[in-house]
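Before any comments, here is the structure.
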Amino acid sequence: MAGGLVALLDDVAVLARAAAASIDDIGAAAGRASVKAAGVVVDDTAVTPQYVHGLNADRELPIIRKIALGSLRNKLLIILPAILLLSEFLNFLLTPLLMLGGAYLCYEGAEKIWHRISGHAEEHASVEEAMPDEKTIVTGAVRTDFILSAEIMVISLNEVADEAFVARAVILVLVALGITVLVYGVVGVIVKMDDIGLNLAQRSGKAVAAFGRGLVKAMPKLLSVLTVVGTAAMLWVGGHILLVGTDELGLHALYDVVHHLEEAAHDATGALGGVVGWIVNTLGSALLGLVVGAVIVVVMTLTVHRRKAGSDASGH
């Protein structure tokens, strides 16, 4: 009896270790998948505060909460089932779909740069001075989030495509929950930073008041930095997706060029080789992303945007 109990306890211990290892593996895979989606995450974090800009302070967090819930519904109820079925039954479509998403990221990044250098960003801001109602704000934000969330989930899926179906599903649920909490938690802190700063600026302590004024002044700069970092990250991630995708589809030329440059930089810089090689690969990916994005911007400007401008003019 005692021997049987010991054997049973030993089996339980083995199963517990296996379960713990599986949890560790799932956690590690979820972490890797989340890192690969970093470019979209940064852009999502940079975009969302703009939706509550100009609203009453007491409505900012409730609206962000609604957008976050909409984002979670997008990921868990629509995108996740769709991409899991796709990965299970039409796995060969994942690379082309991922590349399509990568091209969209390149387009978004290049379009932001074009708007900045052409002055369209200021025109766009002036048009949006009249704030819509909260329902319209939330609906628009959730619609935009759907595209970004789809990118996050597809990029994440590509990192765990070799996992079993259940493990894949669990990892993607963890990614969806973790990234949504991270993005909208950070967004909540960002949009309340000026309020916190104003509150601190009214305190009696000179150091606290100075810190509060600094927070208020830092808010616009922080949003500007996030926008720049988000744009660069979109070009990098989108370009890298296209670079790897073309290689997987048998078109090796672009990947080989960047890979050879990365290896040459690695070999030429000694102890810093790993970092320098990564920088070269990142710059090569971002340059490819910028070129592809610029081409799409030109095509869209000459076709869709021109037709839309023409229809708006005829409507007036």
**OP:** Scan the range 140-187 residue by residue and report those that are under 17 Å from Ser87 (Cα atoms), outside any loop (DSSP other than H, G, I, E, B) and free of Cβ contacts under 8 Å to residues at least 40 places away in the same chain.
**Re:** Val166
Original post:
Which of the residues belonging to the range 140-157 are among the aliphatic types (A, V, I, L, M), within 13 Å of Leu76 (Cα to Cα) and crowded, with 23+ Cβ neighbours inside 10 Å?
Top reply: Ile152, Met153, Val154
Subject >> the range 133-148 - residue that is at pLDDT below 80 and among the polar types (S, T, N, Q) and, of those, nearest to Phe92 (Cα to Cα) >> reply: Thr144
**OP:** Would you point out the residue of the range 158-217, among those that are open to solvent by 20 Å² or more (accessible area, probe 1.4 Å) and of a type in the set (S, T, N, Q), that is nearest to Ile78 (Cα to Cα)?
**Re:** Asn158
Subject >> Filter result for Gly284 (open to solvent by less than 70 Å² (accessible area, probe 1.4 Å), part of a loop (DSSP other than H, G, I, E, B) and at pLDDT 80 or above) >> reply: no
Original post:
Is there any pair linking a residue in the range 191-213 that is closer than 17 Å to Leu61 by Cα to one that is modelled with pLDDT of 75 or more and open to solvent by 90 Å² or more (accessible area, probe 1.4 Å), with Cβ under 7 Å and at least six apart or on different chains, and which?
Top reply: Gly197/Arg213
**OP:** Among the numbered conditions (1) more than 30 Å from Thr282 (Cα to Cα); (2) free of Cβ contacts under 8 Å to residues at least 40 places away in the same chain, tell me where Met219 comes up short.
**Re:** (1)
Subject >> Residue that is surrounded by the fewest Cβ atoms within 10 Å (Cβ to Cβ) [pool: residues in the range 65-82 that are β-branched (Val, Ile, Thr) and under 17 Å from the mean Cα position of the chain (by Cα)] >> reply: Ile79
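The values are calculated or read from the model by the stated rules, or taken from the named source; none is laboratory data. Just so you know, these numbers come straight off a predicted model, no measurement behind them. Every residue, glycine as well, gets a Cβ built from its backbone with ideal geometry; the counts of neighbours run over all protein chains shown. Only protein heavy atoms, including side chains, enter the accessible area calculation; ligands, DNA and RNA are left aside. Shrake-Rupley method; radii C 1.70, N 1.55, O 1.52, S 1.80 Å.
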